[in-house]
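Below: the structure, in structure tokens.
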Amino acid sequence: MYIAQELRKKSIAEYLLYMWQVEDLIRAYGCNLSKLRHDYLDKFDCSDEDKEDLVDWYANLVRMLTQEGCREKGHLQINKIVVDDLSELHARLLDSPQFPFYRSQYYKVLPYIVELRKRGGNNMASEVETCLDALYGVMLLRLQNKDISPDTNHAINELSTLMGMLSDYYIKDKSGELKFDE
């Protein structure tokens, strides 16, 4: 919970990847809060008050996964809204002549996005979601100690740069610092 709060302030892309990981963690425990608490949450070294806050946070996520039909797959509506917000900002950045470095990075990664969509089959996902899916997939491969080809590493680094730029612009946009020519 506290990690999510800090990531949301620092990097919205990292926040989303973390939240997707939390969704998968909850699924790994069968959306069973008792089992999740006993086998995972009780291992956290924190005050009783912080632990109760953490359990409440996970309980809410379990409830939302169940109510939103995401017990097996998919993402919570709260996370989808953030992806949509990022996608809208992405489009605004590309449409504005004020962000040439962002546009340049986007055109560097566009062939990777096209390739990912061709391979993944989810052509309905936004470009931002496609990038995040790729970053999340490679993160999972790394957690499993699986080999990642140099070409994939290069692509992921470029996608990561774009998502990092987008995250920085997101924070500026939310704080009112980002100005578009109107």
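Being in a helix (DSSP H, G or I), surrounded by 15 or more Cβ atoms within 10 Å (Cβ to Cβ) and either free of Cβ contacts under 8 Å to residues at least 60 places away in the same chain or out of contact with any Phe, Trp or Tyr (no Cβ under 9 Å at 6 or more places or on another chain) (or both) narrows it down to one residue among Trp57, Trp20; which is it?
So the residue among Trp57, Trp20 that is in a helix (DSSP H, G or I), surrounded by 15 or more Cβ atoms within 10 Å (Cβ to Cβ) and either free of Cβ contacts under 8 Å to residues at least 60 places away in the same chain or out of contact with any Phe, Trp or Tyr (no Cβ under 9 Å at 6 or more places or on another chain) (or both) is Trp57.
Identify all residues within the range 144-167 that are open to solvent by 40 Å² or more (accessible area, probe 1.4 Å), without any contact (Cβ under 8 Å) to a residue 60 or more places away in the chain and over 19 Å from Gln21 (Cβ atoms); write none if there are none.
Listed by number, the residues that qualify are Asp147, Ser149, Pro150, Asp151, Thr152, Asn153, His154, Asn157, Thr161.
Counting only residues that are touching a Lys or Arg at 6+ places or on another chain (Cβ under 9 Å) and not in a loop (DSSP other than H, G, I, E, B), which one in the range 38-50 is nearest to Gly69 (Cα to Cα)?
Leu41
Of the numbered conditions (1) without any contact (Cβ under 8 Å) to a residue 12 or more places away in the chain; (2) not in a helix (DSSP H, G or I), Asp181 fails exactly one; give the number of that condition.
Every condition holds for Asp181 apart from (1).
Tell me which residues, restricted to the range 115-141, are exposed (fewer than 12 other Cβ atoms within 10 Å of the Cβ) and part of a helix (DSSP H, G or I).
Within the range 115-141, Lys118, Arg119 qualify.
Pairs please, first residue from the range 72-99 and under 21 Å from Tyr15 (Cα atoms), second anywhere and acidic (Asp, Glu), Cβ atoms under 7 Å, 6+ apart in sequence or on different chains.
Partner pairs satisfying both residue conditions: His75/Glu23; Leu76/Glu23; Leu76/Glu68; Gln77/Glu68; Val83/Glu129; Leu89/Asp173; His90/Glu127.
Across the range 60-71, what is the total count of residues that are surrounded by 11 or more Cβ atoms within 10 Å (Cβ to Cβ) and free of Cβ contacts under 8 Å to residues at least 40 places away in the same chain?
8
The values are calculated or read from the model by the stated rules, or taken from the named source; none is laboratory data. Since this is a predicted model, take the numbers as computed values, not measurements. Note: ideal-geometry Cβ built from the backbone for every residue, glycine included; neighbour counts use all protein chains shown. Keep in mind that these areas ignore ligands, DNA and RNA; they rest on the heavy atoms of the full protein, side chains included. Shrake-Rupley method; radii C 1.70, N 1.55, O 1.52, S 1.80 Å.
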